[in-house]
Amino acid sequence: MQPTYLLILFHLLAAISLAGTVTVKGRLVAETDKEALPYATISVAMEEAPEKVIRKLATDETGTFETSLAPGNYLFTFYFVGMAETVKRAEITASQELYDMGVITMSESSRLLDELSVTAQAPLVKVEIDKLTYSAKDDPEASTSSVLDLLRKVPLVTIDGEENIQLKGSSNYKIYINGKPSNMISSNPAQVLKSMPASSIKDVEVITDPGARYDAEGVGGIINIITDKRVDDGYSGSVGANADTFGGYGGNAYLATRYGKLGFTGNASYFHHAQPVSASEFTREEFNPQNMLMQKSSSESDGNGYFLNGALSYEPDTANLFNLSLSRFIGKFNSRSSLEALSEGSRPYSYNSQSSSTSQFGGMNLAADYQHNFKRKGELLTFSYRFEHDPNDSEYDNEYNDVEGEFYNYTDGYRLRSKNKAGGDEHTGQVDYVNPLNGKHNIEAGMKYIFRDNSSRGNHLVDPGDGNWQPDSNRLNDLDHLQRITSGYAGYTYKAGKMGVKVGLRGEHTNQEIHYMSSVLDTVVHTSFFDLVPSFTLSYQLGMTQTLRGGYNMRISRPGIWYLNPYINDLDPSNISYGNPELDGEQQHNFNINYGSFSQKLNFNATLSYAFTRNAVTRYSFIQDGVTHSTYDNIGRNQMLGTNLYMSWMPTQMIRTYLNGGVSYTDIQSTENDQLRNSGFSGRAFGGLTWTLPRDVRLGANGGLFLNQVQLQTDQSPYYFYSFSVMKSMLNKKLDLSLNIQNFLTKSQKMTRTTTGPGFRQESINYQPMRNLRLSVTYRFGELKSSMKRVQRRIVNDDVMDGGSGTTQGESSGTVTGQ
């Protein structure tokens, strides 16, 4: 009986506590145009003690606020940047159930803009119904960073020491630019994003629950990079340069301008890459028959490239908008290596080799769209076209000397030369329609057509040692791949009070033609398949600062030319790799729950996710005639349960710390070989601290830790990296100088990768150069022609939130000063 009495007592106490409170609500608007004032700060104090704040809250996106108070006389003080402080008295009595303060107006501050100096906090992370948004413009370190550096701080995104990007622990994702997919970036993310200055970026959206209007490709989700654009007349921009002790250097320029109906945004960058000499070791043990292969090698690389991007907009009136953009990226890397090999056992041989290789990659992207705005606010009709060209060429030369034993038919002076010209073109046309029926209901629909033309051509030559190059027809592996994708979608969103629901359905029909040409086979294969892709997301606002959301979506992955290409890379004849032109698309089902909470100092976001795939495109290795073959097939049955955490803490206005990472458990097995199975935990974390000192000096410390990444046959050792930085702003904060040092205690770091399979075990050890010093300089220029109203709409106070769709997390403090 004792638990029953306790339960009754608990309910009585709860009823007594609730019975003595009264709900207070109201709405805050601007006096001039009656527009809502979202995310304004509200302080509540007793009338007899106005200096003691007993409660602090914020208006939502519609300017509405609501709280519960005990009977008494209160003073409500309202704050909004650019507005005069407003105080309202509220006399609440016990006989009232609801106290409605009505519509409260705020007038513009009488101070001139050039006299305004307000310390404010802008949101870094905003939680919405289907995505997280990281505000790059409010990151204090963005002025001297690249987009790749910026991504390390974005929730759910992690970047390891080799600059491999993962989204929720997965390497299978898509990168968008301004809402449009970019194969140019998705295929070379690290190099392209390193060449883009973070100062040219407005937001980074992590779309964890892609709705029906997004392509179904990218099983891990979508990273959408939003470039910065001016919304008022004038111009602004920056120029920058950087150099490091590896021998790398680069420069960039960014410009955004708008005059009347025309707007232009563009950036250009150049980079020179240099990688010092690194050593590596490789050991492969075969069990039947017994054999041991040992290799020692050293390599170094360098290269260069440039990135150009320009976007032009024309807005003849408020109902029509035209956009045209062009991007170009070209990269070239050169590598030189030497290798010593010794094989003992059933196949005894030894040799030395010297090789040089060159890879050229990049792309060109042309996009045009027209947007029509109807009389109803938010009702849009958009027509879009996109063309993309993505080359991916490579070549190598390899010479063998000191050959002893039966090493194939190679002799001293035997040379190989191989060239591969690969890539593809893509044309995309689409139409999208959005209609907010009213404040609660929203519908969207659209259609899309994609045509892809991929190809690969190889040219193989051999010199048996007499100085005469001869064609090697036995190594012919060419490919033509045509793909046509037709899709349509419909979606519905409902928002009311604290709850939001988003549902959608997308249908995609794929028709493809594969022409495979080898020395023994010339065949054409036609396939077609249809995917029905559902999505569902539900969000609920637990309180003014807390949001809970969950969702389900299905994602598909169609293998591109990099997976299909049958070209054999036999730079190391004992370890060769090639693609598989017979791959099918994979389907992944994703479930996730996300919780977000924030306060003025502490911000927290956590995601729990589960995903499974039945036909995953999986890399696997096997031994044949003493050679390790690595390729791909639809043999993966994967399950992953994981959590991702983001936390930001500001103990003072001068110090901000953050942590971004996660832990996951993966179980992966082959559908064709019971011996191929792997499971285990993997983890990743990136954190840092920023300390703002007087005289515009900022100190920073960052570090990352990555545990084993579970793959079908391969395990890799944990590794870490860290860096320290100091930045100084000068010339009225227009010039930034930054000095960054990485892993100063260790010149290199040992990275081990172990692969096992039927009848063999192999281990590769790489000593990765790590110690590096980097100097960056950025100069910003431009003019400010914003009205007070524009300023007050952009800058938000302490404690901000995102209304019914979610909350806002993280802050960056700064001073807004008129010019």
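The values are calculated or read from the model by the stated rules, or taken from the named source; none is laboratory data. No experiment lies behind these values; they were computed from the predicted model shown. Using ideal geometry, Cβ is built from the backbone for each residue, glycine included, and neighbour counts are taken over all protein chains shown. For accessibility, only protein heavy atoms count, side chains too; no ligands or nucleic acids. Shrake-Rupley method; radii C 1.70, N 1.55, O 1.52, S 1.80 Å.
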Problem - Verdict on S68 being of a type outside the set (V, I, T), in a loop (DSSP other than H, G, I, E, B) and at negative phi - result: no
Exercise for the section: Would you check which residues across the range 324-357 are closer than 19 Å to M196 by Cβ, open to solvent by 30 Å² or more (accessible area, probe 1.4 Å) and either assigned to a loop (DSSP other than H, G, I, E, B) or not aromatic (F, W, Y) (or both) and list them? Expected result: S325, L326, R328, I330, K332
Exercise for the section: Select, from N459, N442, the only residue that is open to solvent by 20 Å² or more (accessible area, probe 1.4 Å) and closer than 23 Å to P581 by Cα. Expected result: N459
Practice task
Sort out which residues of the range 618-629 are open to solvent by less than 40 Å² (accessible area, probe 1.4 Å) and under 28 Å from the mean Cα position of the chain (by Cα), and write them in order of number.
Solution key: T618
Practice task
State all residues of the range 186-201 that are without any contact (Cβ under 8 Å) to a residue 60 or more places away in the chain and of a type in the set (A, V, I, L, M, F, W, C); if no residue qualifies, say none.
Solution key: A190, L193
Problem - Members of the range 764-799 found to be of a type outside the set (D, E, K, R), assigned to a loop (DSSP other than H, G, I, E, B) and modelled with pLDDT under 90, listed by number - result: L784, S786, S787, I795, V796, N797
Problem - strands (runs of 3 or more DSSP E) (entirely within the range 233-309) containing at least 1 residues that are open to solvent by 40 Å² or more (accessible area, probe 1.4 Å) and within 30 Å of T752 (Cβ to Cβ) - result: 234-244, 262-287
Fill in the blank from the handout: By residue number, the members of the range 390-411 that are crowded, with 17+ Cβ neighbours inside 10 Å and polar (S, T, N, Q) are N392, S394, N398
Practice task
Please work out which one of (1) in contact with a strand residue (DSSP E or B) (Cβ under 7 Å, 6 or more places away or on another chain); (2) free of Cβ contacts under 8 Å to residues at least 60 places away in the same chain; (3) open to solvent by 60 Å² or more (accessible area, probe 1.4 Å) is the condition I576 fails and give its number.
Solution key: (3)
Practice task
State which residue is nearest to S353 (Cα to Cα) when the search covers only the range 394-448 and only residues that are among the small types (G, A, S) and more than 42 Å from the chain's Cα centre (by Cα).
Solution key: G413
Completion exercise
Note: among L262, L312, just one is more than 20 Å from H629 (Cα to Cα) and within 28 Å of the chain's Cα centre (by Cα), namely L312
Handout entry: Residues located in the range 310-322, provided they are in a strand (DSSP E or B) and open to solvent by 40 Å² or more (accessible area, probe 1.4 Å)
Key = L312, Y314, E315, D317, F322
Practice task
Take the residues in the range 148-187 that are part of a helix (DSSP H, G or I) and buried (at least 23 other Cβ atoms within 10 Å of the Cβ), then tell me which one is nearest to the chain's Cα centre (by Cα).
Solution key: L151
Completion exercise
Going through the range 32-49 in order, the residues found to be more than 24 Å from G497 (Cα to Cα) and either modelled with pLDDT of 85 or more or of a type in the set (K, R) (or both) are A45, M46, E47, E48, A49
Exercise for the section: Say whether the condition of being in a strand (DSSP E or B), open to solvent by 30 Å² or more (accessible area, probe 1.4 Å) and touching a residue at least 24 places away in the same chain (Cβ under 8 Å) is met by at least one residue in the range 549-561. Expected result: yes
Practice task
Looking only at the range 50-60, decide whether some residue is open to solvent by less than 60 Å² (accessible area, probe 1.4 Å), part of a strand (DSSP E or B), at pLDDT 85 or above and at negative phi.
Solution key: no
Fill in the blank from the handout: If you go through T652, T643, the only one that is open to solvent by 20 Å² or more (accessible area, probe 1.4 Å) and out of contact with any Ser or Thr (no Cβ under 8 Å at 6 or more places or on another chain) is T652
Completion exercise
By residue number, the members of the range 706-730 that are free of Cβ contacts under 8 Å to residues at least 24 places away in the same chain and either open to solvent by 60 Å² or more (accessible area, probe 1.4 Å) or among the basic types (K, R) (or both) are P718
Practice task
Could you check I226 against (1) in a strand (DSSP E or B); (2) open to solvent by less than 60 Å² (accessible area, probe 1.4 Å); (3) farther than 30 Å from E379 by Cα and say which number it fails?
Solution key: (3)
